[in-house]
Amino acid sequence: MMEATPTPGSLSWRLSSHPITLLTFLAFRSSSLLVYLFGLLFTDNLVMIFIITILLLAGDFYYLKNIAGRRLVGLRWWNEVDPNTGDSHWVFESSEPGTKIINATDSRFFWLAIYAQPLLWVVLAIVALFSLKFIWLPLVAIALVLTITNSLAFSRCDKFSQASNIAGSAFSSGNIAGNIASNMVGRFFSR
C-alpha cells in the first residue's frame, strides 16, 4: 500500500523548506501551553510551573521574533528607541522580493500558530476567571502580552512587506511609474 504524498501548502512538516526551524518553532509555541495545562498533574509546585512557563514563553518570543520569522516567512521586526527624544518606533524587515521564495507550508504553519496561540491564552484566561483561579491570571496576562505583541508585529511587518513589494515592483518595472510620468510630461508639453 502506497502512502499518499501531501500536496504543497498542506500542513505537513515534511514539506517544509526548514523542517528543524519549523519543528522548533512549533515546540516552543506548544510547550508553554502544555506546561501551563498539565503542570499540576506532575507537581504541586505552582512557582515552578510559573517559572518554567515564563521561560518557555520568553524562549518562544525570542525564537519567533529573531529566527523563525526570518527563516519561515522572511519577516523580522524590532523596536528602536531614539536616544535624543526617547520616542519608540517599530522597525520592520522583510526579505527582498525574488531572493527568498516562501514555502507555502511554512507560511501556513507560521500564520496559523501566530494567531492560534493568543486565542488559546484568551480561552485559558476565561477559564481561570470562571474557575476562580486568580493566581494564574498574572501568568496568563504575561503570555497574552508576549503572544499578542508578536502577532501584531508580524501582521504589521507582513503588511509593510506587501506594500514595499508593490511599490518596488511598480517603480522597478517602470510600467506604472513610467506610464504616469510619460502621461504627465506628455500633457505638460501638448498644451
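The values are calculated or read from the model by the stated rules, or taken from the named source; none is laboratory data. As the structure is a computational prediction, the values presented were derived from the model and not from experiment. FYI the Cβ positions are ideal-geometry reconstructions off the backbone, even for glycines, and counts take in every protein chain you see. Heads up: the accessible areas ignore ligands, DNA and RNA and are worked out on the full protein's heavy atoms, side chains in. Shrake-Rupley method; radii C 1.70, N 1.55, O 1.52, S 1.80 Å.
Numbers for the structure displayed
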| quantity | calculated |
| --- | --- |
| Phe130 paired with Leu37, simple spin-label distance in nm, labels 7 Å along Cα-to-beta-carbon | 1.6 nm |
| Segment Asn84-Leu46, length gained on full extension (0.36 nm per residue, minus Cα span) | 9.3 nm |
| Accessible area, probe 1.4 Å, largest first, for residues Trp90, Trp136 | Trp90, Trp136 |
| Whichever lysines have a C-alpha closer than 21 Å to that of Lys100, once near sequence neighbours (fewer than 8 apart) are set aside | Lys65, Lys159 |
| Estimated distance in nm for a label pair at Ile148 and Val122, the labels positioned 7 Å out from Cα along Cα-to-Cβ | 0.9 nm |
| Probe 1.4 Å, all protein chains present, accessible-area order of Leu152, Leu132, Leu72, largest first | Leu132, Leu152, Leu72 |
| Of all accessible heavy-atom area on the range 50-166, the percent that carbon and sulfur account for (1.4 Å) | 69 percent |
| ³J(HN,Hα), Karplus 6.51/-1.76/1.60, whole Hz, each residue of the range 127-134, x for Gly, Pro | 4, 5, 5, 6, 8, 6, 9, 5 |
| In Hz, Karplus ³J(HN,Hα) per residue of the range 145-158 (6.51, -1.76, 1.60; θ = phi - 60°; x = Gly, Pro) | 4, 5, 6, 5, 4, 5, 4, 5, 5, 5, 5, 5, 5, 5 |
| Calculated from backbone phi, Karplus (6.51, -1.76, 1.60) coupling profile of the range 108-113 in Hz, x at Gly/Pro | 5, 4, 4, 5, 5, 5 |
